Every structure is written in C-alpha cells, then in structure tokens.
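A.B. asks: Mind looking over this structure? Questions follow.
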Amino acid sequence: MDNIAGTKSSLTWAVHISVALLVLLWVFPTVGLLVSSFRTADQISSSGWWKSMFPAEQTLQLRTAGTDEAVQADGVWVIEGNLYDVEGIDPLPISTWGVSSRDVAAFVPGDEAAPGDGETMVVQENGDYVYTSAEEPSGRGQRVFVTASVPPEFTLDNYEQVLFSGNTTDSMAKAFFNTLTVTIPATIIPILVAAFAAYALAWMDFPGRALLIAAIVALLVVPLQLALIPLLKLHTDIGIGKGYVGVWLAHTGFGMPLAIYLLRNYMVGLPRDIIENAKVDGATDFQIFTKIILPLSFPALASFAIFQFLWTWNDLLVAIVFLIDATGDTTVMTRQIVELLGTRGGNWEILATAAFVSIAVPLVVFFAMQRYLVRGLLAGSVK
Amino acid sequence: MNPALQGLLTIVFGVGGCVAYFYFSNIFLDKVLFPARGENAGRNINRANMVRPWLFLFPALFVLGLYLAYPVVETMRLSLTERVPGGSVWVGLDNYTQMASEPKFWEAMSNNLLWLVVVPAASTAFGLLVAQLTDRIGWGAFAKSLIFMPMAISFVGAAVIFKLVYDTRPAGAEQIGILNAVWLTFDGGVWSVIVLKIVPALLILAFGAAVAYLGYIAVRPMWQSRPGPRMGAAAMILRVILAIVALWLVWTSVSGLISLLSATPPYGVPQTWLTIPFYNNFFLMIVLVWIQTGFAMVILSAALRGIPEETVEAAIVDGANPFQIFFQIKVPQIMSTIVVVWTTITIVVLKVFDIVFAMTNGQWETQVLANYMYDKLFRANDWGVGSAAAMVIMLMVTPILVWNVYNARKEMR
C-alpha cells in the first residue's frame, strides 16, 4: 500500500491517529486505577482521577486574626497579617477571593473590598491582608474565602496501609504470600510432568499415540467447572481436604493439556538428525531428553511457564473451591479483593491499591517476557 | 508449618520426586526388568522400548484422567442423582426439569448466548482492526504491547478497574467514574442525538443485517436443489439451529432498536450502570472484550504477516483500494485463523465466572451459567442442579471440542 504515491499521506495520518485513540482507550482504565492508588480518600471522592494531574482549584474558608490584635492608627482600626499564618497551613497562591459565602470569587488579589459599613479589606496573592474598620472591631476575625490552585499531590500512604499496616481486613501482605505459595509449585511441577509426556508423544513410537494426542486436544477445552464437585469430594475422601496440596494438584491437572500440547508441538519441530545421531551414539531416551530436548525446548518451556504463572496467579475459582477454608487463613489476593469489593465498596483508595498490588507482579512478568508469551500463544492457537 | 516453607518443600519434593521417578523407573526398566545382556538381550531391548513411553506418560495421564476425564463422567452421574444424607439416590432427569423451571436459569442461558455472540465478535473485530492498523507503523510494536497488556490482568483486577470506570456519585456531586462524567456532558442537544441515538442505531442495524444474511446463507441450500451430494441429517439440523439463533438475534436487534429510538435517555442524571437491566450485560462484556482483544490481535497480527506479499502486490497493481485489499484479499486468506481465535474466545466466554462474580454476582439480571452453577453448588448446596448446569456448559463446549479434535487429526495425517 505504501508504494502508491498520493494515497499515502492522508491515510497514514488517519492510521496513526486511530491507533493512538485505541491505545488511549485501552490504557485509560488501568491508568485510572494506578493514579487512584496514589491519592487520598478525600481527593478520590472530590474529583475524578483524570483531573488529579493538573492543579485543582480549591476554595478555603479562612479568617483574619482576632479583633484583640487590632491597632488604632490614623483614626481607624487596622488588622494586618497573613491569612495562612492564622490557620497555620501552607500558603498557596490565591487566584480570587471574597468576603461573602454567596460570592466567594468576587475579587482578585490587590482589590479592595468592603465587608461592612466603614470597613475595608485587601488581600494579596500570598495571603497578606490589611483589614481596616472605622469603629473598634469586636467578635471574631473577618471571614475570608480564598480560591487557590492546589498542585497535584500524591501519596504512598495507601500502599503503607495495604501492605504494612497489619490491619486484618485491608492487609494484602498475607494474601500476597499465599498467592505466591500457590503459584510457584503450581507452575513448576506441571512443566516437568508435561515435558516427559510431550517427549514421549513427539519422539517415541507406540500404539495409540495418535489417539492420545486427540484425547489431549479434546481435554484442552473441557471446562474446569465440571471438576469442582467430583474433585472436592475426592480430596475430602482421601484426606487432603481444602488446602495447598489440593490446589497444587488441581492446577497441575488443569494446566496439563495445554502444557503437553504446547511442548509436543514444539518438540516435534526439533531436528530429527540430532536425536537420531544421539541414539546411534548409544544415548538412552532419558539422556536424550535431559541433555538435548530439554535445553532446546527452553522457549516452549518459558511460554508455558508464563501462561501457567499468569493463570494460577490470577485464578479465583480454583482457589475458592479447593484452597480457602472457613478460617480464611489461606486466602489469596483475588479472593481478598472480592471481599474488599463487598466490605469496602466505596473506599477506592484501599480497593485501587489492593488491586494494583495483585496486578503488579503479572504486569512485570508480562512486560519482561512478552516475547515468550506471544510465541506460546501462536504455537497454542494457530494450528 | 509455615505455608511458604511448605511450598518450598513441595517444590523440592515434587520436582525431586518427579525427576527421581523418571530416572529410577528408567534404570529399573533397563537394568532389572529387561536387562540388555545375556541370551535375550535383543528381545529385552525391544520390550523395554515398548514399555518406556508409558513410563514417560504415566504421571501426565494419571493427572489428566483424574482431574479432567473422570470429572466429566462423575459430574454426569451427579447430575442424575440427588444428595441425601449418607449417599445419593438416582432421580433421573429431575435435576434438569427443576433447573428448566427456574427463571434464573433461563436468564443465565439468554445472557450467556448474548455473551457468546457479542464478546467473540467484538474481540475479534477489534483485534483484527488493531492488527491491521499497527502492521505498517513505526511504533506498532509499542501500541500492540499496550493493548495486549490487559491479558496479564486478572478478571478480578479488571473488575475493580471497570467498577471505577462505572462508579456513580449522587447527582450534584463530582462524578469520579469516567463514564458518568462523560454521560453528564450530554444534554439532549444535536450532539447527544448523534452520539447516543444515530450511531448506536446504525451499529445495531448493521449487526442485524449481517446476522440475517448469515442466517439466510445457512438455510438457503435447504430449498435450492443443487447437483451434488445430498445433505446429511446432522448438517440439516445444524443449519436449522443456526437459522433459529440468527432469527432470535435479529429479533433482539429489532426490539433493541425500537426501544433505543423510543426511549428518552435520562440526560443529566448520573446512572448506576451496573443496575440497568439488559444493558448492564454489555457493561460486563466490555470488561472481557477489553481483555481478549489483545489475544485476538497478537494471533491475527501474526497471520496478517504470513500473507504472501505477491497477492497484495497483485491487487495493488490491479488498482484495488486499501479497503478492498483488506476485505477481499487479506481477510479471506486468514479466515481459518479468525475461526480459531473466535472459537478460543468462545470457550473463554462459556467459562466466564470471575467478572460476573466480582462485579454484580448475577444480580440485576446479569446471571451467567458459570456463576449460576457456582451459586447452586456452594450457596444453595444443591449438587444435583449444580452438576446439571455444569453439564449444560459442557454440552455447549462439545461442538468446539469435536471440531478441534477433527482438525487436529486431519493435520497429523
């Protein structure tokens, strides 16, 4: 397409713009959660996260110093000072101000206002004010409404709360380690078991091989929903009950068809010469497997490892059926987040942070090993 | 014992055990059972080589059988029995009739059908669009990687992300969900009519027309007497089913179109998106489309790269415009890949559980089969009906299963 003169420029621009729009659309929700996890509860509920990048206009109600500080000069009573000093807050540049709650943005800094009969008021941008009154002022200081722009502000407190506070309802620390405990064995063991089976299916001749491969392709799509009750019953009967052993076994079983399928497809493509030469030189099948096939299959092993890792890390159903018992000691992060959605549905600072803690590890793995993931997807599907 | 330590031990024992099993069983086979020496050396070597594949396969086959094959049979048995204290009794099809009498089941079925149509179609279409658009631009790889990213995010994480998108604050307060913030900018003017009425109406019309055409193609051969092999009964039934599904979808689109055009949207009022019946299904589907588009894109992008350059060049020489090249040269050549992507996403949709569980838990008419099944199994504690629901999911997967096996066998020959 690119080689036709005249059609290129307009269409290319349209392509660039539509890709940019699509990417923005796809990234926008995730960025929203990430940004929200760095904001305080007040900030989240007072403005949309997309506004947090920019300085926000905020209206504060301040007061001048008390009337006992008024001094008489040139026939009027004067109170001078800085509005921010009175309240003891950090100064923000004032854009507009007012003395009545009905019109909080009546004046710009430097203007003179008349809050009452015989009274004048001037406020500068940095909060310095001069208040004068013809009569001796009494009561509290004059109310002043100032509108200031607040710079974007982010905090790590939410992560502190979710990870280190030890608060039992919010804490993700335990769930994080539980998820890790589920994930690592459930990733490593299926690879090992599947690799041997895949080798047998790829390079050994025996009756029924084609049938077995067909059976594995069939099992690839069997919904794991079917396995819940029969296996929970089985686990209870043989004494495993609900616990890590059960969930490791379950993940091993559910990941097995894809593992064998991926690894076999890869191993079949390895050069026949190498394997036959090794056989002629007297290598046993076990040696061929460990010394030649395994090292050569590293890309396929890595592909499946990533799949299985993402799947076990992100899993909810298998964990709530086979792992989490009534005590909840073995809760995993996905379960914890669902609980938080129920108990803290409105507390976005906790929810967003907890969700991001659970998303962070898969995202790192994803971006670090994307190449293998893509390769695995292609090997697993385009066949 | 500390679970982390237990995990570590399991890795060591599990991995060590597996390696030891494979290593020692091979040694046992070669040295003890059929030693390759003495008068029977040759025969023994052959025998050992006959047994060895099964040694390699045994652990995998054992796990597969126990965790995938056995449950299919056992679930079928459970769906025909009722649990009573101390055992179970045979009740025939009672569980299925009970399930069929529950409105919640039919709600789950019709929602699932809607998911089955919309999610694979939308994901594949978006995936194809992105794959084609990013094919020739410099930062295509970067763009693809960002659109692919949701694949790494759990369904639960995605549910939280989209709950924030759909969040609702009372009228007058600042909206913190982007959807409501955008919604409140519509005020019933020309712009609102274009975006909220005309564009969706056109989309629904296009969808209905496409489905009607597909249904027509499906039934056309039944009254056209064409020379050639007669159609088998199975093919006939399949075509009729396809036509019925198409009719139902056309009906849904027409009624959707009418309600869309006749309704006056509540402009200026913040909406609780997940509680609006029927439409909330689509807000849940968006989550899955968001996740699955990356998958479709990766695979279709590879397929597009695999198209022979000559075909495209020939089309350019013949004066085809970019749209003709895409729809008439490229898409037909990657049709088989599109079908694979479509079926893969279909399977994901049939099993979709986490999104509904975390976002609405089937309330407000968003029930789907997998969540219905979970409800029955673990909340109502009714194993019979729960197993029956699982069998329905299995039944819906079966055509894809058969098709996959058929293709795999064809390819191996």
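A.B. asks: Which ones in the stretch B:294-308 are more than 14 Å from residue B:143 (Cβ to Cβ) and either hydroxyl-bearing (Ser, Thr, Tyr) or not in a helix (DSSP H, G or I) (or both)?
C.D. replies: Within the stretch B:294-308, B:306, B:307, B:308 qualify.
A.B. asks: Further question: Pick out the one residue from A:254, A:206 that is among the hydrophobic types (A, V, I, L, M, F, W, C), open to solvent by less than 60 Å² (accessible area, probe 1.4 Å), facing chain B (nearest Cβ under 7 Å) and in contact (Cβ under 8 Å) with a residue 40 or more places away in the chain.
C.D. replies: The match here is A:254.
A.B. asks: Scan (1) crowded, with 16+ Cβ neighbours inside 10 Å; (2) without any contact (Cβ under 8 Å) to a residue 12 or more places away in the chain; (3) out of contact with any Gly (no Cβ under 9 Å at 6 or more places or on another chain) for the single condition residue B:193 breaks and write down its number.
C.D. replies: (1)
A.B. asks: Assess whether residue B:145 counts as being over 19 Å from residue B:351 (Cα atoms), small (Gly, Ala, Ser) and surrounded by 14 or more Cβ atoms within 10 Å (Cβ to Cβ).
C.D. replies: Criteria met by residue B:145.
A.B. asks: When residue A:270 is evaluated against the numbered criteria (1) in contact with a Gly (Cβ under 7 Å, 6 or more places away or on another chain); (2) not in a helix (DSSP H, G or I), which criterion, by number, is the only one it fails?
C.D. replies: With respect to (1) in contact with a Gly (Cβ under 7 Å, 6 or more places away or on another chain); (2) not in a helix (DSSP H, G or I), residue A:270 is out only on (1).
A.B. asks: Determine whether the stretch A:159-169 contains at least one residue that is more than 14 Å from chain B (Cβ to nearest Cβ), among the acidic types (Asp, Glu) and either in contact (Cβ under 8 Å) with a residue 12 or more places away in the chain or within 30 Å of residue B:13 (Cα to Cα) (or both).
C.D. replies: no
A.B. asks: What are the residues in the stretch A:55-88 that are of a type in the set (Asp, Glu) and in a loop (DSSP other than H, G, I, E, B), if any?
C.D. replies: Listed by number, the list holds a single entry, A:74.
A.B. asks: Give the number of residues within the stretch A:29-54 that are open to solvent by 40 Å² or more (accessible area, probe 1.4 Å) and not in a helix (DSSP H, G or I).
C.D. replies: 4
A.B. asks: While we're looking at this one, here's another question. Within the stretch A:273-286, take every residue that is within 13 Å of another protein chain (Cβ to nearest Cβ) and not in a helix (DSSP H, G or I) and give me the one that is farthest from residue B:408 (Cα to Cα).
C.D. replies: Out of the qualifying residues, it is A:282.
A.B. asks: From the residues in the stretch B:329-354 that are at the interface with chain A (Cβ under 10 Å from one of its Cβ atoms), open to solvent by less than 10 Å² (accessible area, probe 1.4 Å) and among the β-branched types (Val, Ile, Thr), which one is nearest to residue B:318 (Cα to Cα)?
C.D. replies: B:334
A.B. asks: With the structure loaded, tell me whether residue A:249 is within 12 Å of chain B (Cβ to nearest Cβ) and modelled with pLDDT of 85 or more or whether it fails that test.
C.D. replies: So residue A:249 passes the test.
A.B. asks: Can you tell me which of A:132, A:187 is of a type in the set (S, T, N, Q) and under 30 Å from residue A:314 (Cβ atoms)?
C.D. replies: A:187
A.B. asks: Quick one: which residue in B:32, B:73 is among the aliphatic types (A, V, I, L, M), more than 7 Å from chain A (Cβ to nearest Cβ), exposed (fewer than 12 other Cβ atoms within 10 Å of the Cβ) and farther than 30 Å from residue A:215 by Cβ?
C.D. replies: Every option except B:32 fails the conditions.
A.B. asks: Among the residues of the stretch B:76-109 satisfying the criterion of being of a type in the set (Phe, Trp, Tyr) and in contact (Cβ under 8 Å) with a residue 12 or more places away in the chain, which is least open to solvent (accessible area, probe 1.4 Å)?
C.D. replies: Ranking the qualifying residues of the stretch B:76-109, first place goes to B:105.
A.B. asks: Now, a different point. Of the residues B:156, B:118, B:130, B:165, which single one is more than 8 Å from chain A (Cβ to nearest Cβ) and closer than 28 Å to residue A:33 by Cβ?
C.D. replies: B:118
To keep it simple, each residue is scored yes or no on (1) farther than 25 Å from residue B:329 by Cα; (2) modelled with pLDDT under 85; (3) assigned by TED's automatic domain parsing to the domain that holds residue B:296.
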position	(1), (2), (3)
B:84	yes, yes, no
B:99	yes, yes, yes
B:122	no, no, yes
B:129	no, no, yes
B:148	yes, no, yes
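A.B. asks: Search the stretch A:283-301 for residues being in contact (Cβ under 8 Å) with a residue 12 or more places away in the chain and among the aliphatic types (A, V, I, L, M), and hand back the single one that is most open to solvent (accessible area, probe 1.4 Å).
C.D. replies: Of everything passing the filter in the stretch A:283-301, A:296 is most open to solvent (accessible area, probe 1.4 Å).
A.B. asks: Taking the condition of being farther than 13 Å from residue A:337 by Cα and either in contact with a Ser or Thr (Cβ under 9 Å, 6 or more places away or on another chain) or within 7 Å of chain B (Cβ to nearest Cβ) (or both), how many residues in the stretch A:349-364 meet it?
C.D. replies: Number satisfying all stated conditions: 3.
A.B. asks: Kindly provide the set of residues from the stretch A:91-117 that are closer than 19 Å to residue A:135 by Cα and open to solvent by less than 50 Å² (accessible area, probe 1.4 Å), ordered by number.
C.D. replies: Within the stretch A:91-117, A:99, A:113, A:115, A:116 meet the criteria.
A.B. asks: While we're here: If the requirement is being in contact with a Gly (Cβ under 9 Å, 6 or more places away or on another chain), of a type in the set (S, T, N, Q) and either facing chain B (nearest Cβ under 10 Å) or surrounded by fewer than 24 Cβ atoms within 10 Å (Cβ to Cβ) (or both), which of these qualifies: A:312, A:334?
C.D. replies: A:334
A.B. asks: Criterion first (touching a helix residue (DSSP H, G or I) at 6+ places or on another chain (Cβ under 9 Å), of a type outside the set (Lys, Arg) and either more than 9 Å from every other protein chain (Cβ to nearest Cβ) or under 18 Å from residue B:238 (Cα atoms) (or both)) does residue B:364 satisfy it?
C.D. replies: yes
A.B. asks: Which of the residues that make up the stretch B:369-387 are of a type in the set (A, V, I, L, M, F, W, C), in a helix (DSSP H, G or I) and under 19 Å from residue B:356 (Cβ atoms)?
C.D. replies: B:369, B:370, B:373, B:377, B:378, B:385
A.B. asks: If a residue has to be open to solvent by less than 10 Å² (accessible area, probe 1.4 Å) and over 14 Å from residue A:304 (Cβ atoms) to count, how many in the stretch A:184-195 make the cut?
C.D. replies: 1
A.B. asks: Working carefully through the options B:52, B:47, find the one that is open to solvent by less than 60 Å² (accessible area, probe 1.4 Å), of a type outside the set (A, V, I, L, M, F, W, C) and part of a helix (DSSP H, G or I).
C.D. replies: Selected residue: B:52, the only one of B:52, B:47 that is open to solvent by less than 60 Å² (accessible area, probe 1.4 Å), of a type outside the set (A, V, I, L, M, F, W, C) and part of a helix (DSSP H, G or I).
The values are calculated or read from the model by the stated rules, or taken from the named source; none is laboratory data. In this text, all values refer to a predicted model and were calculated from it rather than measured experimentally. Counting neighbours? That spans all protein chains shown, and the Cβs are built from the backbone with ideal geometry, glycine included. Just the protein is used for accessible areas: all its heavy atoms, side chains included, with ligands, DNA and RNA removed. Shrake-Rupley method; radii C 1.70, N 1.55, O 1.52, S 1.80 Å.
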